[in-house]
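Notes follow the structure.
The values are calculated or read from the model by the stated rules, or taken from the named source; none is laboratory data. This one's a predicted model, so the numbers in the text were calculated from it and none came from an experiment. Every residue, glycine as well, gets a Cβ built from its backbone with ideal geometry; the counts of neighbours run over all protein chains shown.
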Amino acid sequence: VGFKATNQRVRASALAARQRTIAVSEFFAKNRHLLGFDSPKRALLTAVKEAVDNSLDACEDAGLLPEVWVELGDLGNGLYRVAVEDNGPGIVDSQIAHIFGKLLYGSRFHALAQSRGQQGLGISAAGMYAQMTTGRPVRIVSRIDGRHPAREVTVSIDTLRNRPEIHSRGTTSWHRKHGTRVEMDLEGQYHHGLHSVALYLKLTAIANPHVTLHLCEPDGTLLSWERTVRKRPPQARRIKPHPHGVELGQLIAMLKATDARHLRAFLRDELSQVGARRADEIIAEAGHGLTARSSPRRIAKHKATFLHAAIAAAKVPAPPADCVVPIGEAGLLEGLRHEVPARFVTAVTRRPAVYRGNPFVVEVGLAYGTVGGAEVALSLDGHPNPLAEQGMPGASEPVRLLRFANRVPLLYQQSHCAMTQAVMDVHWRRYGLDHARGSMPRGPLTLMVHLASVWVPFTSESKEAIASYPEVVRELSLALNEVGRRLAGHVRKEQRVAREEARRTEIERYLPFAADAIGAILDWPTAATDELAGQLRELVGSGAERE
Ligand SMILES: Nc1ncnc2c1ncn2[C@@H]1O[C@H](COP(=O)(O)OP(=O)(O)OP(=O)(O)O)[C@@H](O)[C@H]1O
Ligand SMILES: [Mg+2]
């Protein structure tokens, strides 16, 4: 017994000596696949995506129409120089090093507002990947207005401490009055097709018609997507958590952190859609000695449970519609018509719903049926167009699903995404498509699914797939079924037209015989019989037109 006990003590103390704090940067340097940097191909796309998403967010925050330049240079040996430049508001000097040299540093994590970025990880992670694969720091040029000179900073991350390591810092001359340019060298692989930078930019243009994007490919080819509207989408309003779906732990944390002195003020100030009257109703419902004047910070945990139940049960209106900005039915139709020639196009934008206190909107666009010359319409200045390579899927091919979250196209992890699952769960046979349960439906169909939210529930830090919250799945299903029903109406109409067309062709075959028979009975000359045949054909034809 004594031996065993000693042995154990030694082991525990040895273990204790090995315990260490792990810096978030060390963690992600080891787990870079979590951030979307697992293969050179994906890493190049992710780096571009993080920088472009930031540029678009920054421009929109500042009320500017975004224009973004992406330049990719081939450095040989599988290394690339990625440069992304924007006409945004720029970054003040004191923030540059932290934004690019520290993981989990950003302006969006704590704000409940719809934006592309939300974690404070994206661009610093890209910089860290660049640094791990080439040993070179990130170079940033940024200018905030014409009165200040542009600042130039080169910075890398001290991964052991998650702190910026500044290599150089100074002013430089720059033609741009305001904006930001980010440059990094990294191990990558450039390619065309399904997961390409070009496709990501193209899909970004579809979901953001107010944006102009330029791409200079490694071989020097220039591609541009000009904005089709000059109006910016309305700015999403920052909001407070919606009462429905706030979890108990979150409520307890909020009670501790609040500046409100009284419970009534807390409910009114910290939750969305709750006024003084509704706050009083909630407090009365919670009971257990809680009053409008209770101090939020002193509410015991067991009482918080009752308060939580009363909040969840309260009759509260849906979240305000202006905190989430969808693309909108007109925008979806325009994007689809522009990019995917089809015989039938429709779109549905659902009303805002809530998961875990976070408002969100689901919308779905649908394009069905091929039209002649689709490939021509889709080509990009003679350059292979990633969308056209696929074309509209054939009758026996899986439908094409284009996924978006807060206007950002999602290119990876399609099979792990709630959007894909929702598409597979719809009874597409009912709507006239070939479909086996548990797989994608088949046919000439392109679906564009968008989730806009103040906090998008991504399955991982790489932000490529949506988690299956029941509320989100329900909304997806409702929107998909709605476009499905409309598709069924169209398919039925097409089938009816096709059936009538077939019948008419059949009748037309007999018309000369009928005219001949009538002519023979009445003993008409051949010319009169021919004329009758012509009149009958016209009659059948005009019947079709009246349809
Ligand atoms: N081009 C830019 N112009 C102005 N500000 C920028 C630019 N790029 C980044 N920022 C600022 O730097 C912050 C950190 O960017 P980062 O990409 O690391 O995180 P994020 O965008 O907040 O979230 P996510 O990790 O989801 O991308 C942003 O929140 C933004 O405030
Ligand atoms: Mg970002």
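Things worth noting here:
- Pairing residues of region 104-125 that are modelled with pLDDT under 90 with residues that are within 7 Å of ligand 2 (Cβ to nearest atom) and among the aliphatic types (A, V, I, L, M), at Cβ distances under 9 Å and at least 6 apart in sequence or on separate chains, gives Gly106/Ile123.
- Residues in region 442-470 that are in contact with a strand residue (DSSP E or B) (Cβ under 7 Å, 6 or more places away or on another chain) and over 21 Å from Arg407 (Cβ atoms): 4 in all.
- The one condition in (1) assigned to a helix (DSSP H, G or I); (2) within 23 Å of the chain's Cα centre (by Cα) that Ala502 fails to fulfil: (2)
- A Cβ distance below 7 Å, combined with a sequence gap of six or more or placement on separate chains, defines the contacts here; from region 35-55, residues that are over 16 Å from Arg407 (Cα atoms) and charged (D, E, K, R) reach residues that are within 14 Å of ligand 2 (Cβ to nearest atom) and not in a helix (DSSP H, G or I) in the pairs Arg42/Gly36.
- Every test in (1) within 18 Å of Asn406 (Cβ to Cβ); (2) near ligand 1 (Cβ under 10 Å from one of its atoms); (3) modelled with pLDDT under 95 is passed by Asp86 save one, and that test is (3).
- Within region 476-493, residues that are closer than 20 Å to Val361 by Cα and in contact (Cβ under 8 Å) with a residue 24 or more places away in the chain have Cβ atoms under 7 Å from residues that are acidic (Asp, Glu) and assigned to a helix (DSSP H, G or I) in these pairs: Ser477/Asp425, counting only partners at least 6 apart in sequence or on another chain.
- The residue that is nearest to ligand 2 (Cβ to nearest atom), among those in region 98-113 that are of a type in the set (Gly, Ala, Ser) and over 18 Å from Phe27 (Cα atoms), is Gly106.
- If the condition is being part of a strand (DSSP E or B) and within 10 Å of ligand 1 (Cβ to nearest atom), then region 53-72 contributes only Val68.
- Ser39, sole failed condition from (1) of a type in the set (Ser, Thr, Tyr); (2) more than 11 Å from ligand 1 (Cβ to nearest atom); (3) farther than 19 Å from Gly188 by Cα; (4) at pLDDT 90 or above: (3)
- Which numbered condition Ala111 misses (of (1) surrounded by fewer than 15 Cβ atoms within 10 Å (Cβ to Cβ); (2) assigned to a strand (DSSP E or B)): (2)
- Subset of region 54-71 [surrounded by fewer than 22 Cβ atoms within 10 Å (Cβ to Cβ) and more than 13 Å from ligand 2 (Cβ to nearest atom)]: Ala62, Gly63, Leu64, Leu65, Glu67, Trp69, Glu71
- Matching option when the condition is out of contact with any Gly (no Cβ under 9 Å at 6 or more places or on another chain) and modelled with pLDDT of 90 or more, among Glu482, Glu471, Glu506: Glu482
- For region 276-309, a residue qualifies if it is of a type in the set (A, V, I, L, M) and over 34 Å from the mean Cα position of the chain (by Cα), and the qualifying residues are Ala276, Ala279, Ile282, Ile283, Ala284, Ala286, Leu290, Ala292, Ile299, Ala300, Ala304, Leu307.
- Condition met for Arg496 (within 22 Å of Leu366 (Cα to Cα), within 47 Å of the chain's Cα centre (by Cα) and exposed (fewer than 14 other Cβ atoms within 10 Å of the Cβ)): yes
- Single match in Ala253, Ala321, Ala314, Ala300 (criterion: out of contact with any Ser or Thr (no Cβ under 7 Å at 6 or more places or on another chain) and either buried (at least 19 other Cβ atoms within 10 Å of the Cβ) or modelled with pLDDT of 95 or more (or both)): Ala314
- Condition check for Arg181: away from ligand 1 (no atom under 16 Å from the Cβ), among the charged types (D, E, K, R) and at pLDDT 95 or above: no
- Selection count where residues are part of a loop (DSSP other than H, G, I, E, B) and closer than 25 Å to Arg151 by Cβ, scope region 73-108: 13
- Region 387-413, subset modelled with pLDDT under 85 and part of a loop (DSSP other than H, G, I, E, B), residue surrounded by the fewest Cβ atoms within 10 Å (Cβ to Cβ): Ser396
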